[in-house]
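Take a look at the structure set out below.
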Amino acid sequence: MSSDDVPDEDNVTRFALSNVGSFEIGDTTAIIGRSAADPTVSIAQWRDDGRLITMQGNIDSTDMQAVAQTVHKSTDDEVHRSLDTTFATPLPGLQSPPSTIVAGTLADGTRWDIEVSPRNPADESAGYVWWIGQPGDSGPPTETRLSLPGGAPTIETLVEHGRTYVLAKVPRSVSGAELHVNPNGHASSVSPLLDIDPALGDRFTATVSFDPVPFTAHIVDGNGNTIASWPQL
């Protein structure tokens, strides 16, 4: 995925794409087509705040549209986290054994495993390290990501190896909380946020899907109040 300042994307598109069509991303009309250089590659383009955004991948146009419709502007916290150079240094959360949020076998026969450990056990507000099982893992998960800061309900999403993960947490004081995930054209799911480790200051849950479709998610507390949503409202 890329984003560029392009004064005349129509001329760019004419030479870059074939079989051009259009679809909606929120209030924006996007175009989609096949790469002129490699017809097996789908390319989607749209403008956001004056910038031309381009996505491409070796998937059909329907799947590309579904993925493009999940793209959203990152929050300041997400940007800061992605630029956090301290993640390249050893973290306390990588030195301590993580706690399991969910584990089992997926529909395709591969295992999935989501675990979590505190980024800094002495500072709950520092957030957590997500441990994400990868295809072929036979031991602890080999992929790690930093969570958003602790102390507030959060929903985080990521896509890896064709899987869409939704990771959620709430402070331990929020009992009875549930994560609701609502994928377009598929049944919704509801997952309780659980107290997985008395040493951690939050409750957690996670879901995974193989279908790259647009979705929304929200957390409700024990009183039925929405306390977090994705995309952020």
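Whenever a residue of the range 212-233 is in contact (Cβ under 8 Å) with a residue 40 or more places away in the chain and under 16 Å from P183 (Cβ atoms), its partners that are small (G, A, S) and buried (at least 16 other Cβ atoms within 10 Å of the Cβ), lying with C-beta atoms within less than 8 angstrom and at least six residues away or across chains, give the pairs P212/A66; V213/A66; P214/A66; F215/S209; A217/A168; H218/A228; S229/A217; W230/A217. For the range 202-233, a residue qualifies if it is crowded, with 16+ Cβ neighbours inside 10 Å and small (G, A, S), and the qualifying residues are A206, S209, A217, A228. Within the option set T154, T207, T216, T144, being in contact with a helix residue (DSSP H, G or I) (Cβ under 7 Å, 6 or more places away or on another chain) and polar (S, T, N, Q) holds for one residue only, T144.
Has the range 148-170 got at least one residue that is modelled with pLDDT of 85 or more, charged (D, E, K, R) and over 20 Å from N223 (Cβ atoms)? Yes, the range 148-170 has at least one match. Inside the range 133-154, residues that are out of contact with any Ser or Thr (no Cβ under 7 Å at 6 or more places or on another chain) and not hydroxyl-bearing (S, T, Y) make up a count of 11.
The C-beta contact set for the range 103-130 (first residue in the same structural domain as G150 (by TED's automatic domain parsing) and surrounded by 14 or more Cβ atoms within 10 Å (Cβ to Cβ), second residue hydrophobic (A, V, I, L, M, F, W, C) and not in a strand (DSSP E or B), distance under 7 angstrom, 6+ apart or interchain) comprises W112/L106; P118/L200; R119/L91; R119/A126; N120/A126; G127/L148; V129/L91; V129/L94.
Only a single criterion out of (1) surrounded by fewer than 12 Cβ atoms within 10 Å (Cβ to Cβ); (2) farther than 21 Å from W131 by Cβ; (3) of a type in the set (A, V, I, L, M, F, W, C) is not satisfied by A199, namely (2).
Total residues in the range 181-195 satisfying the condition of being loosely packed, with under 14 Cβ neighbours inside 10 Å and of a type in the set (S, T, Y): the figure is 1.
Conditions (1) assigned to a strand (DSSP E or B); (2) in contact with a strand residue (DSSP E or B) (Cβ under 9 Å, 6 or more places away or on another chain); (3) closer than 27 Å to P171 by Cα; (4) modelled with pLDDT under 65, marked per residue:
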position: V12; (1), (2), (3), (4): no, yes, no, yes
position: N19; (1), (2), (3), (4): yes, yes, no, no
position: G33; (1), (2), (3), (4): yes, yes, no, no
position: T40; (1), (2), (3), (4): no, yes, no, no
position: Q45; (1), (2), (3), (4): yes, yes, no, no
position: M55; (1), (2), (3), (4): yes, yes, no, no
position: T70; (1), (2), (3), (4): no, yes, yes, no
position: G109; (1), (2), (3), (4): no, no, no, no
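Residue-wise test of (1) crowded, with 18+ Cβ neighbours inside 10 Å; (2) assigned by TED's automatic domain parsing to the domain that holds I114; (3) closer than 28 Å to V213 by Cα; (4) modelled with pLDDT of 65 or more.
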site	(1), (2), (3), (4)
D60	no, no, yes, yes
D63	no, no, yes, yes
S82	no, yes, yes, no
T85	no, yes, no, no
T89	no, yes, no, no
S96	no, yes, no, yes
T100	no, yes, yes, yes
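The values are calculated or read from the model by the stated rules, or taken from the named source; none is laboratory data. What you see is a predicted model, and the numbers here were worked out from it, not measured in a lab. Here Cβ is always computed from backbone atoms with ideal geometry, including for glycine, and neighbour counts include all displayed protein chains.
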